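The values are calculated or read from the model by the stated rules, or taken from the named source; none is laboratory data. Note that the structure is predicted; figures quoted are calculated from it, not measured. Glycine gets a Cβ as well: all are built from the backbone with ideal geometry, and neighbour counts include every protein chain shown.
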Amino acid sequence: MRSPLGVIGLVLLLVNIVGAVGYEVIAPYPYAEIHPRDILHEPSQEYPFGTDNLGRDTLSRVIYGARISLGVMTISTGLALVVGVPVGLISGYMGPLADALIMRIIDAWLAFPALILALAIVAILGPGLFNTMIAVAIVNMPRTARLVRGEVLRLREQEYVTAARALGASKRRILLRHIYPGTLGSTIVFASLLASQAIITESSLSFLGLGAQPPEPSWGSMIAMGTRYWNHAWWLSFFPGLAIFLTVFALSFVGDALRDALDVRLGHN
Amino acid sequence: MKPRKLLLLLAALLLALAVLPGVNAQGGRSDETITVATDLEPNSLDPLFGDAIGGPDRYTYNLMYETLIRLEQDGSLTPMLAESYEVSEDGTMLTFTLREGVTFHDGTPFNAEAAAFNLNRALDPEVNAPRGADLTVIESVEATDEMTLVITLANPSATIFTNLATEAGMMISPTAWQTLGEDYGRNPVGTGPFRFVEWRSGDRLIVERFEDYWRMDAAGVPLPYLAGVTMRFISDPAVKLVELQTGNVALTDAINPIDFEIVEDDPDLQLILVPSGIHQWMTFNVTQPPFDDVTLRRAILHAIDRQLLSDVITFGTGEVTPTIVPSFWWVYEPELEDYDYDPEQARQLLAEAGYPDGIDVTMSIIQREPDTQIAELLQATLAEFNINIEIEVLERQAWIDKVLAYDYEMAMLRAGVPRPDPDFLFGTVFGRGAANNWSGGQNEELFGIIDEAATVRDRDARRELYVRAQEIILADAFYGFLFFRPVAFPASDALQNFTMDVDGGWRLGEVWLSE
Amino acid sequence: MLPGDPTFTILGEEATQAQRERAREELGLNDPLPVRYVAWLGDVFQGDFGRSYRTREPVLDMLEQRIPITLELTFLSMGLAILLGVPLGVLSARFHNTIIDVLASTLSIVGMAVPFFWLGILLIMFFSLRLGWLPPSGYIPIAEDPVEHFKLMILPTLTVGAAMTATIARQTRGSMLEVLSEDYVRTARAKGLRQDAVVFRHALRNALIPVMTVAGLQVGALLGGAVVTETIFSLPGLGRMLVNGIFQRDFPVVQGAILFIVSSVLLVNLITDLLYAMVDPRVKVS
């Protein structure tokens, strides 16, 4: 990975992961600890990102928020891949009937804008962080499947696949041994796109009050809470938003760098 | 102004309103239209489908609707659509003489038949109106002649006049109801100072002066002074304040207490204290362990620093009172023995109740502010006593289902106080068969006192009863009373002669704007 | 569809069980879910979208009032994205690998990474609360006061349009670079055409095809963005109707709003395909 932007992205992402994993060690205060004497305290040495309406340290809450965001991102993206990749493989290689059927379903699915679909799912399942994860995963599954299918269609005409077929390898073997590894590159790059989408969707839902529930501080819900005091405490909305921004920023740099490194070209997804 | 003075001012305001009946407006008719803002949009403009008594729907309803009588801050009744009334010896028959020459906005005349139609509509099970419940004491309604309405009650009631002065007693045009049916709620027709023009849902409601309105001011100038009112629905308190500061809006409902001072310091704005506010409290589920044990309940109450809660949440504008009754309500009694913050005693009682090492409890709350903040504060402060609170945040519906099924341990409550009549609070929460018996506690002695208080008409005697009720409520410790937070409306300094209902409902019919 | 009992929204907390039961009966809430859904679908085909549980307002009336607002926001945002994004992308490509390109590219990455609801809040904090230049929220129909109307639409448009502007700029840059490296452009250049003329006359037209596709695909995202943005700016559009409907368990409202959004996305996809075929004769509409 030689691109400087990629390095910046990777560093930002590492900072995020360190925060999420090491919250207990790094955060200056427990995220729920109140300081009644320091209500809406502006950023200072004691509280670098200021405090909220209960005197809780915004920095600590932002760090804890990384745990929530990265958690949702990892689990929902993982789930989308676990379901989406096999579906894409089957659709691309198991014959026209399966393909037609699967693609119909996927197209119908994709008619829902991501955020609207996530909203609808959370509306059905009920608000909460767990349901948000499920919703994000469901939103991203068909996108993953479609990407993988496209890759399969491209790869199955490649010479080495034709050769394997001529040598009498089974469909299953060709798919798993020859085609699947070929799709990995683009899947990895695509995963970075899904990951940033997961973060945006989770924070949007939390912002609307449908995602993470208090007292758990998610970046999205912190921004929403901050708007109650935006004429007194700009920092309440500013820092969590900055955290989302930098994370998405980092993911897109890392994605670009991965794309260059793996020499993958993605269609419009 | 020091925030603490707010409460004093509030008391002074109430006194002033009681002493100065009908301040004469210096304004005259103006062709001005004002824009006001509130955070909650009504579900329906049919008053029978309004939210709880004294809820924000009243701001809108008061523009278009009137009642037979109006309840004033000092407890007196002003004749409105009724010129006078009589109560029979046994207290079960009320005879109203109605005002001549009043018409609805659609030209339908207002008479005894129309009034009877309205009250019967409220009681009609087919209509299934939520506010109908406020009139269930009525047995029958009859128009004995063109302008005489006779209401027969099932039993004497201390609250019927107050109830008739709220949503359930607002008069709508029978013609409109009959022709519009299901669409009535979006095309309201009343007798009030303003007539309905347009409701852009999610955004605003527009009304204009009703030219044939019956009321005049003392100088004979026909009301209302304003040419129209636009009611905007803005939920963000900070945005409401900006709209006010920029002059887009002349009056709004509650804003954050933290902003009270900004309004006070702005020469173009005034802060209008509302005669009612919110009491924040909590309930224990006393129907099962662990909180069926009064010692444990008392231990927890002694562990709560109510002054700290009040100061943090209300930015010093709140007050801590022994019970749910705020200091300026006529049933208030300062000498009641309540639970002060006493860590020593809390620990001792906790040990006595069998929890020397602390206890884990769950507190169910509704997702709204400041309830979540209060719960988080309690969680943080009670942790010192090893009282570990797990906060369960629910949506309102789920919360009600859970709490009224007594499937909870502790829960957070709020109540608008004072209410037009104490029975509206005591009867619905602490009384026999109360719809909102959150704690599940049963105390026959308390029920008896509250039943009695609802029928007695002498105010001093009633006060005695309600004070005694509060003593029992405190001794039972079914509930924890945390603090009262006042509500204040910021308004443009030009807004003149603004008055409110007992529970804070706006009366814009008499308002005018100064230069 | 939604969990929870809408009678609490309709009747309030203090209603009795009997009243609730009655309301449920009237609304058909006691029927099993599939029955309700099929009944709703049947009604929709006959043009009856039902009424809001909460306000009893016909959902069709609500849609009629709110769709124009959301569509306007979407079109303004798309207009902004194209008017700003395309030139930005062209500039980037024209001055490939210069400081202009780096700046423009960075700007578009920033635009894509910034969470739009946060951007909306920053815009309000800065332009409304701090500077007092623009009103923070609300909606005034264009017929009533055009100036006020557009003043109110500026911040929401920026909020929704920022990400799309960035996407379009990036896409334009990419396809311009690609087209510029193709043979016929090189030929044109060799013939002595001035560089700028080449860029504009030949390359842009071809480069715009993929840009258009991306724009079409983004309509869904724009509508999604409008949902949250309308909530921030108190615009009485479709998005706020949907979000409020979800909070209030107002099924007919939620279903009506989603039905409209999905149909419009499908329609836009179709139109994009048709336009694509018109601009590029190599594509056949199947």
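Among the residues in the stretch C:95-117, are any free of Cβ contacts under 8 Å to residues at least 12 places away in the same chain, within 11 Å of another protein chain (Cβ to nearest Cβ), touching a Gly at 6+ places or on another chain (Cβ under 7 Å) and surrounded by fewer than 22 Cβ atoms within 10 Å (Cβ to Cβ)? There is no residue in the stretch C:95-117 that is free of Cβ contacts under 8 Å to residues at least 12 places away in the same chain, within 11 Å of another protein chain (Cβ to nearest Cβ), touching a Gly at 6+ places or on another chain (Cβ under 7 Å) and surrounded by fewer than 22 Cβ atoms within 10 Å (Cβ to Cβ).
Is it the case that the stretch B:373-396 has a residue that's farther than 27 Å from B:ALA346 by Cβ, more than 10 Å from chain A (Cβ to nearest Cβ) and either within 23 Å of the chain's Cα centre (by Cα) or at pLDDT 90 or above (or both)? Lay out the reasoning, then the answer.
Start the filter on the stretch B:373-396 by keeping residues that are farther than 27 Å from B:ALA346 by Cβ, which leaves B:394-396.
From what is left, the residues that are more than 10 Å from chain A (Cβ to nearest Cβ) are B:396.
Right, trim to either within 23 Å of the chain's Cα centre (by Cα) or at pLDDT 90 or above (or both) and you get B:396.
Yes; the residues of the stretch B:373-396 include at least one that is farther than 27 Å from B:ALA346 by Cβ, more than 10 Å from chain A (Cβ to nearest Cβ) and either within 23 Å of the chain's Cα centre (by Cα) or at pLDDT 90 or above (or both).
Taking the numbered list (1) at pLDDT 90 or above; (2) within 14 Å of another protein chain (Cβ to nearest Cβ); (3) under 12 Å from A:LEU210 (Cα atoms) in turn, A:GLY126 passes all entries but (1). Taking the listed residues B:GLU369, B:GLU344, B:GLU333, the one that is within 28 Å of A:ASN53 (Cα to Cα) and either away from chain A (no Cβ under 14 Å) or assigned to a loop (DSSP other than H, G, I, E, B) (or both) is B:GLU369, with no other qualifying.
Out of the residues in the stretch C:118-140 meeting the condition of being within 19 Å of the chain's Cα centre (by Cα) and free of Cβ contacts under 8 Å to residues at least 40 places away in the same chain, tell me which one is surrounded by the fewest Cβ atoms within 10 Å (Cβ to Cβ).
Top of the filtered list is C:LEU123.
Suppose the filter is more than 21 Å from the chain's Cα centre (by Cα), part of a helix (DSSP H, G or I) and away from chain B (no Cβ under 14 Å); does C:LEU83 pass it? Taking the combined requirement at face value, the residue does not satisfy it.
Figure legend. Inter-residue proximity from the stretch A:235-250: first residues within 7 Å of chain C (Cβ to nearest Cβ), second residues outside any helix (DSSP H, G or I), beta-carbon distance below 7 Å, spacing 6+ or different chains. Indicated pairs: A:SER237/A:TRP230; A:GLY241/C:PRO115; A:ILE244/C:PRO115; A:PHE245/C:VAL114; A:PHE245/C:PRO115.
Does A:GLY168 fit the bill of being at positive phi and either of a type outside the set (Asp, Glu) or at pLDDT 90 or above (or both)? Full working, then the answer.
Numbers: at positive phi: yes; either of a type outside the set (Asp, Glu) or at pLDDT 90 or above (or both): yes.
So A:GLY168 fits the description; yes.
Scanning the stretch B:298-342 for residues that are of a type in the set (Ser, Thr, Tyr) and farther than 20 Å from B:TYR466 by Cβ, we see that the one that is surrounded by the fewest Cβ atoms within 10 Å (Cβ to Cβ) is B:TYR341. Inclusion of B:THR103 among residues that are modelled with pLDDT under 95 and of a type in the set (Val, Ile, Thr) is not warranted.
Taking the stretch B:200-212 only, how many residues are assigned to a loop (DSSP other than H, G, I, E, B) and free of Cβ contacts under 8 Å to residues at least 60 places away in the same chain? Before you say what the answer is, go through the steps one by one.
The initial filter retains those residues of the stretch B:200-212 that are assigned to a loop (DSSP other than H, G, I, E, B), namely B:201-203, B:210-212.
With the extra rule that they be free of Cβ contacts under 8 Å to residues at least 60 places away in the same chain, the set shrinks to B:203, B:211.
Within the stretch B:200-212, residues that are assigned to a loop (DSSP other than H, G, I, E, B) and free of Cβ contacts under 8 Å to residues at least 60 places away in the same chain number 2.
Residues of the stretch A:63-117 that are within 22 Å of A:SER192 (Cβ to Cβ), out of contact with any Asp or Glu (no Cβ under 8 Å at 6 or more places or on another chain), within 14 Å of another protein chain (Cβ to nearest Cβ) and assigned to a helix (DSSP H, G or I): A:GLY65, A:ILE106, A:TRP109, A:LEU110, A:ALA114, A:LEU115, A:LEU117. B:ILE472 meets the conditions (1) of a type in the set (A, V, I, L, M); (2) touching a residue at least 40 places away in the same chain (Cβ under 8 Å); (3) closer than 25 Å to B:TRP330 by Cα in every case but one. The failed one is (2).
Among the listed residues B:LEU180, B:LEU244, identify the single one that is buried (at least 22 other Cβ atoms within 10 Å of the Cβ) and in the same structural domain as B:LEU119 (by TED's automatic domain parsing). Break it down stepwise before answering.
Values: B:LEU180 fails: buried (at least 22 other Cβ atoms within 10 Å of the Cβ).
Of B:LEU180, B:LEU244, the one residue that is buried (at least 22 other Cβ atoms within 10 Å of the Cβ) and in the same structural domain as B:LEU119 (by TED's automatic domain parsing) is B:LEU244.
Within the stretch B:297-311, the set of residues being more than 15 Å from B:MET363 (Cα to Cα) and either assigned to a helix (DSSP H, G or I) or not assigned by TED's automatic domain parsing to the domain that holds B:ILE389 (or both) comprises B:ARG298, B:ALA299, B:HIS302, B:ALA303, B:ARG306, B:GLN307, B:LEU308, B:LEU309, B:SER310, B:ASP311. Quickly run through the stretch B:490-515 and pick out the residues that are assigned to a strand (DSSP E or B) and more than 23 Å from B:GLU208 (Cβ to Cβ). Matches in the stretch B:490-515: B:PRO490 only.
Would it be correct to say that A:LEU184 is within 14 Å of chain B (Cβ to nearest Cβ) and among the hydrophobic types (A, V, I, L, M, F, W, C)? Answer is no for this residue. Among the residues of the stretch A:144-154, is any surrounded by fewer than 17 Cβ atoms within 10 Å (Cβ to Cβ) and not in a helix (DSSP H, G or I)? No, the stretch A:144-154 contains no residue that is surrounded by fewer than 17 Cβ atoms within 10 Å (Cβ to Cβ) and not in a helix (DSSP H, G or I).
Across the stretch A:48-105, what is the number of residues that are among the β-branched types (Val, Ile, Thr) and under 30 Å from A:GLN158 (Cβ atoms)? Full working, then the answer.
Just the residues of the stretch A:48-105 that are among the β-branched types (Val, Ile, Thr), to begin with: A:51, A:58, A:62-63, A:68, A:72, A:74-75, A:77, A:82-83, A:85, A:87, A:90, A:102, A:105.
The next check asks that each one be under 30 Å from A:GLN158 (Cβ atoms); those that pass are A:77, A:82-83, A:85, A:87, A:90, A:102, A:105.
Within the stretch A:48-105, residues that are among the β-branched types (Val, Ile, Thr) and under 30 Å from A:GLN158 (Cβ atoms) number 8.
Could you say which residue among A:GLU216, A:GLU202 is acidic (Asp, Glu), within 11 Å of another protein chain (Cβ to nearest Cβ) and outside any helix (DSSP H, G or I)?
Details: A:GLU202 fails: outside any helix (DSSP H, G or I).
Exactly one of A:GLU216, A:GLU202 is acidic (Asp, Glu), within 11 Å of another protein chain (Cβ to nearest Cβ) and outside any helix (DSSP H, G or I), namely A:GLU216.
Within the stretch B:69-92, the set of residues being in a strand (DSSP E or B) and of a type in the set (A, V, I, L, M) comprises B:ILE69, B:LEU71, B:LEU77, B:ALA82, B:VAL87. One residue stands out among those in the stretch C:224-236 that are of a type in the set (Gly, Ala, Ser) and within 8 Å of another protein chain (Cβ to nearest Cβ): the one that is farthest from B:VAL242 (Cα to Cα), which is C:GLY224.
Pick out the one residue from B:ASN118, B:ASN155 that is closer than 22 Å to B:ARG195 by Cα and either touching a Pro at 6+ places or on another chain (Cβ under 8 Å) or surrounded by fewer than 22 Cβ atoms within 10 Å (Cβ to Cβ) (or both).
Numbers: B:ASN155 fails: closer than 22 Å to B:ARG195 by Cα.
On inspection, the qualifying residue turns out to be B:ASN118.
Residue under question is A:PHE207, and the condition is that it be under 30 Å from B:ILE389 (Cβ atoms) and part of a helix (DSSP H, G or I); does it hold? Criteria met by A:PHE207.
Taking the stated definitions as given, is B:ALA218 over 17 Å from B:ASP31 (Cβ atoms), in a loop (DSSP other than H, G, I, E, B) and not basic (Lys, Arg)? Yes. Within the stretch A:1-56, the set of residues being touching a residue at least 24 places away in the same chain (Cβ under 8 Å), part of a helix (DSSP H, G or I) and not aliphatic (A, V, I, L, M) comprises A:GLY6, A:GLY9, A:ASN16, A:GLY19, A:TYR23.
If we scan the stretch C:30-41, do we find a residue that is under 30 Å from B:GLY433 (Cα atoms) and either more than 14 Å from every other protein chain (Cβ to nearest Cβ) or modelled with pLDDT of 85 or more (or both)? Give the steps one after another, and end with the answer.
Kept after step one, since they are under 30 Å from B:GLY433 (Cα atoms), are these residues of the stretch C:30-41: C:30.
Those still in the list that are either more than 14 Å from every other protein chain (Cβ to nearest Cβ) or modelled with pLDDT of 85 or more (or both) too: C:30.
Yes, the stretch C:30-41 contains a residue that is under 30 Å from B:GLY433 (Cα atoms) and either more than 14 Å from every other protein chain (Cβ to nearest Cβ) or modelled with pLDDT of 85 or more (or both).
In the stretch B:447-489, what residues are among the aromatic types (Phe, Trp, Tyr) and part of a loop (DSSP other than H, G, I, E, B)? Correct list: B:PHE478 only.
If you go through the stretch B:372-416 and keep only what is more than 15 Å from B:ILE304 (Cα to Cα), of a type in the set (Gly, Ala, Ser) and assigned to a strand (DSSP E or B), you end up with B:ALA415, B:GLY416.
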